[in-house]
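Please read the structure below before turning to the comments.
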Amino acid sequence: VQLWNSATDLSPQTEDDDGETTAVSLDLQTIVQSQLGFPDKVYQLASVIFQNSHVVKPATHRLVNYGKQRELPLPEVQDEAMQHSAYELAFNTLKCNLDSNDLFESSLIQSPLYSSLRKDQMSLVAVMLYDFQDRKFLSRGHTEIQEMIEEVRDVENYLLQFKTKLAASLARSRIKHDLLSMECILPECVRKKQQRSRSLPLYAWVNRLKSSHDEVQGVLKNDGLLQVKSIRQLAGQTFCQDSHCWDTLVFPAQLKAPLSFTKLLRDHKLIIQDKSCILPTNAAASLLPDEGDILMVGCFSGLTVAHTASLIAEKYEGDKNNNDQPMVYVCTTDITERQSEEIQHTVDKMGCKSK
């Protein structure tokens, strides 16, 4: 299967010197990294996401002024694990911003920190304060290879300078409202949604450009997983075939972190993706003839493009070395060069041949 992007002519990405792609364990890396703090870039990206997304409260109910800037461009961060960490940090801080009692912001304005910094720094203060209080205000572990961002270091120094007063203020707020942790300040509806999302099954499609159902299932079984017949039977070390998407396997939610360590994910033979993205691709592929090219028009992620190519590869039964193999044409509009490069990089990793 060949993949062609009509939006721009991009050269294929190259692999590492040893010919292998570095495995990225997003969830585990986020957990381990958060215990030591994040690189400066993560805080910077998280602060911009927060600034663009936070709910602007009426002036009469507003404790912290985050400034008027919106729709700021996101800082460029290529590392997927760092992007994941930044979005998760911003999301967690945004959830605290939904608190009707304003416990988080009240603790902030009660400290000398609030009057020491500018309004346009408050988003950075918010995301860093959330992370620091979550880590009991422990200092970060800096590395020599980490890029230093002066504004992040300045805010960090202020947080550490006033950490005793900030920690005391947060503790008083929790005691006053009988809360065990900062997560308890969330509205009941948000907590229920969060608990529900943590229990949702995990979906992953088999990349036919690099593997097969038999190989993937064989590896999983050799690793001690038991295949069951339906989602209702998922528990512990089990998996099953999805009833709607023939190329998709379903796992219990608690297996997300262990799966990140497997060679299947490292080699991009098994791709974790939300079923809301997997199902439309399967539905469209089921209507396609056995021969012919595919034209995708609109905005798509690299994973969706690669998934389409994978499904076409499954349907194609001819000689893969001839010149008549089907192609997937991708016509995209209103995307930046960086977004095009990200799509190209993703489909290259998935095993697509670009033209």
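Overview of results
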{"quantity": "Condition broken by A253, with the remaining ones in (1) at pLDDT 90 or above; (2) under 24 Å from the mean Cα position of the chain (by Cα) satisfied", "calculated": "(1)"}
{"quantity": "Of the criteria (1) modelled with pLDDT of 85 or more; (2) in contact with a strand residue (DSSP E or B) (Cβ under 6 Å, 6 or more places away or on another chain); (3) under 29 Å from G236 (Cβ atoms), which one L265 fails", "calculated": "(2)"}
{"quantity": "Residue, surrounded by the fewest Cβ atoms within 10 Å (Cβ to Cβ), within the range 71-83, restricted to residues that are modelled with pLDDT of 80 or more and either in a loop (DSSP other than H, G, I, E, B) or not assigned by TED's automatic domain parsing to the domain that holds Y114 (or both)", "calculated": "E71"}
{"quantity": "All positions within the range 252-266 that are among the hydrophobic types (A, V, I, L, M, F, W, C) and under 16 Å from N207 (Cβ atoms)", "calculated": "L259, L264, L265"}
{"quantity": "S123, sole failed condition from (1) in contact with a Gly (Cβ under 9 Å, 6 or more places away or on another chain); (2) small (G, A, S); (3) more than 17 Å from Q44 (Cα to Cα)", "calculated": "(3)"}
{"quantity": "Hits in the range 252-275 (condition: touching a helix residue (DSSP H, G or I) at 6+ places or on another chain (Cβ under 9 Å) and either part of a loop (DSSP other than H, G, I, E, B) or among the acidic types (D, E) (or both))", "calculated": "S260, F261, T262, H268, K269, Q273"}
{"quantity": "Members of the range 84-112 that are modelled with pLDDT of 75 or more, surrounded by 19 or more Cβ atoms within 10 Å (Cβ to Cβ) and aliphatic (A, V, I, L, M)", "calculated": "A86, L89, A90, L108"}
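The values are calculated or read from the model by the stated rules, or taken from the named source; none is laboratory data. Remember, it's a predicted structure, so these values are computed and weren't measured experimentally. Ideal geometry is used to build each Cβ from the backbone, glycine not excepted, and the neighbour counts take in all protein chains shown.
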